Amino acid sequence: MIGGDLVVSAGSKTIGLMATGRTRGVVNAHEIITGDFTRDIDFKLPTDRLTLALEARLQNRLSMFDASELAKALMGDAIYSNMMVFGAAWQIGAIPVSGAAIRAAIDLNGAAVQRNLQAFEYGRWAVLHAEDAAKILSPDVVELPKTTEEKIAFREAHLTDYQNAKYAKRYTDLVASFDGDLREAVALGYHKLLSYKDEYEVARLLVDTKKKALATFDGDLKLTHHLAPPIFAKKGSNGRPAKRAMPKLTAKLFPLLARMKGVRGTVWDVFGRTSERKMERDLITQYEADMNEMRNLVRPDTMDAAKTLAKLPLDIRGFGHVKHENVSKTAKRREELLATLRATETRSAAE
């Protein structure tokens, strides 16, 4: 078995075709995002369970390595991961065809011949020298945990780019009114609400991405943007906005749109009139009011509830209908946490 991804390789249908002691397998261990993630933002690939299932069936006749990351590290493109896995399978004797015949077939195919030949050899090397391959995938620099102040400074700089210095000061002023662990919780939660991705921010990010791509790659760069603008998007068969490839003219408008971030939240903000944008601004106002109230309710016995409330915006993920659903879920949790904080205050006053 030559496995291009772990999910299919360890699936029940695939494993049902294998025989212990007879089948050999080389599998790309890279975790590939599946369709389940688009429906559940908390979905996590059961990598350990899938790996155990393969090991139980193939035992010592299984070879696994992250071919996708190795291909990106050695060749700059994960597209060559399949050829790496193929090369590894040939190296362990699982493909009864001569190396000369395989190289001739790659040449005859005519697609990126030299690169595919190189990927084939890298795959052979990776299965022979697993420890050396693992070192390439391990970062040489250990990133130390950032302090609370560093986290705040990073987010302050981001909000300055996102909007302006005044907007960033709005952030730091509220955060500065808290101490300790609660200060960090507010720093994370408040930033999440302030930096919602509207049309101006998406345009700014796309402009930056193009600049980075031009600085990294040679040749004629061609980009296609698939978007679903809330104002113009048509709904698909599922009733939700459907993405479509935007005309080339759209990309020329991104720099202009990015510079228009100053109108965000003003009467001139055309995009800000949608229900989603109004909801996002309301969430910011609500959060500020909650934090100001919470400041007077925090004591040792309410600290956990206070930190949870401060970080609650981190659970508001996604866009469009997904975001609306998550806002509804967090709204219920918010009421519960505020009730806990207020009830404790009432008991203290009574005592």
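The values are calculated or read from the model by the stated rules, or taken from the named source; none is laboratory data. What you see is a predicted model, and the numbers here were worked out from it, not measured in a lab. Reconstructed Cβ throughout: ideal geometry from the backbone, glycine too, with neighbour counts over all protein chains shown.
Here are some residues: 157, 187. Which one is at pLDDT 90 or above, surrounded by fewer than 17 Cβ atoms within 10 Å (Cβ to Cβ) and among the small types (Gly, Ala, Ser)?
Matching residue, one of 157, 187: 157.
Within the range 54-79, residues that are within 23 Å of residue 13 (Cβ to Cβ) sit with their Cβ atoms under 8 Å from residues that are acidic (Asp, Glu), at 6+ positions apart or across chains, in these pairs: 62/55. Scanning the range 170-186 for residues that are in contact with a Leu (Cβ under 9 Å, 6 or more places away or on another chain) and under 19 Å from residue 304 (Cα atoms) gives 185, 186. Within the range 225-248, none of the residues are modelled with pLDDT of 90 or more and closer than 30 Å to residue 335 by Cβ.
Working carefully through the options 273, 240, 281, find the one that is in contact (Cβ under 8 Å) with a residue 60 or more places away in the chain and among the charged types (D, E, K, R).
On the way: 273 fails: in contact (Cβ under 8 Å) with a residue 60 or more places away in the chain; 281 fails: in contact (Cβ under 8 Å) with a residue 60 or more places away in the chain.
Of 273, 240, 281, the one residue that is in contact (Cβ under 8 Å) with a residue 60 or more places away in the chain and among the charged types (D, E, K, R) is 240.
Scanning the range 262-278 for residues that are surrounded by 12 or more Cβ atoms within 10 Å (Cβ to Cβ), charged (D, E, K, R) and under 22 Å from residue 166 (Cβ atoms) gives 264, 269, 277.
Just checking: which of the helices (runs of 4 or more DSSP H) contained wholly in the range 67-117 hold 2 or more residues that are touching a helix residue (DSSP H, G or I) at 6+ places or on another chain (Cβ under 6 Å) and either under 20 Å from residue 217 (Cα atoms) or not assigned by TED's automatic domain parsing to the domain that holds residue 129 (or both)? Working first, answer last.
Values: elements: 67-75, 81-91, 99-109.
By residue number, 67-75.
Exactly one residue among 71, 101, 29, 56 is touching a Ser or Thr at 6+ places or on another chain (Cβ under 9 Å), closer than 18 Å to residue 119 by Cα and at pLDDT 90 or above, and that residue is 71. Here residue 23 passes the criteria (1) assigned to a loop (DSSP other than H, G, I, E, B); (2) modelled with pLDDT under 90; (3) of a type in the set (Val, Ile, Thr) except the one numbered (2).
For residue 51, the test of being closer than 23 Å to residue 133 by Cα, at pLDDT below 90 and in contact with a strand residue (DSSP E or B) (Cβ under 8 Å, 6 or more places away or on another chain) is passed.
Considering the range 5-14, the residues that are touching a helix residue (DSSP H, G or I) at 6+ places or on another chain (Cβ under 9 Å) and under 27 Å from residue 79 (Cβ atoms) include one that is surrounded by the fewest Cβ atoms within 10 Å (Cβ to Cβ), namely 11. When residue 266 is tested against (1) of a type in the set (Ser, Thr, Tyr); (2) within 30 Å of residue 204 (Cβ to Cβ); (3) under 29 Å from the mean Cα position of the chain (by Cα), just one condition goes unmet, and that condition is (3).
Report those helices (runs of 4 or more DSSP H) wholly inside the range 216-325 carrying at least 3 residues which are assigned by TED's automatic domain parsing to the domain that holds residue 341. Lay out the reasoning, then the answer.
Numbers: elements: 248-259, 275-294, 303-310.
Where helices (runs of 4 or more DSSP H) fall fully within the range 216-325 and carry at least 3 residues being assigned by TED's automatic domain parsing to the domain that holds residue 341, they are 275-294, 303-310.
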